Amino acid sequence: MLDHVRTMPCAYTHKPAEHVHHLIGMGGMSGWGLKAPDWAVIPVTSEVHEQIHNDPEMQKTQPMMILKNLEKLFNEGRLVFVKKGN
């Protein structure tokens with residue numbers, strides 16, 4: 001999935017993305033020595049990536065942008081939900 005996310009436009013500017021940003025600062029998914037799971041990512045430009053890491057207000061936008069990215073991946077058939085048996 002990350003390979004495809006790298007080809008997507010920046011979720012904020014719609015310019016070609018240069019980075020895949022993993023969620024930071026929320027839900028105990030990040031911190032010293034930790035990285036959020038690969039489903040919690042956003043394609044971003046270098047400038048946006050720096051803004052997210054340095055601006056607490058930008059960090060608050062991460063969950064919605066991740067949900068929008070997951071929706072795109074699902075609609076493209078690149079992400080599927082599998083129902084587990086009982």
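A few notes on this one:
- Helix 62-75 and the longest principal axis of the Cα set of the chain meet at an angle near 40°.
- Among the chymotrypsin sites (Phe, Trp or Tyr not before Pro) within region 1-55, those in coil by DSSP and having at most 10 neighbouring Cβ atoms inside 10 Å are Trp32.
- Were the residues from Ile24 through Asp55 laid out at 0.36 nm apart, the gain over their Cα-Cα distance would be 10.0 nm.
- Average projected area [Cα convex hull, the chain], square nanometres: 6.7
Values in this text are rule-based calculations from the coordinates and carry no lab data. Predicted model only: the values in this text are computed from it and were never measured. Virtual Cβ from ideal backbone geometry, glycine too; neighbours counted across all protein chains shown.
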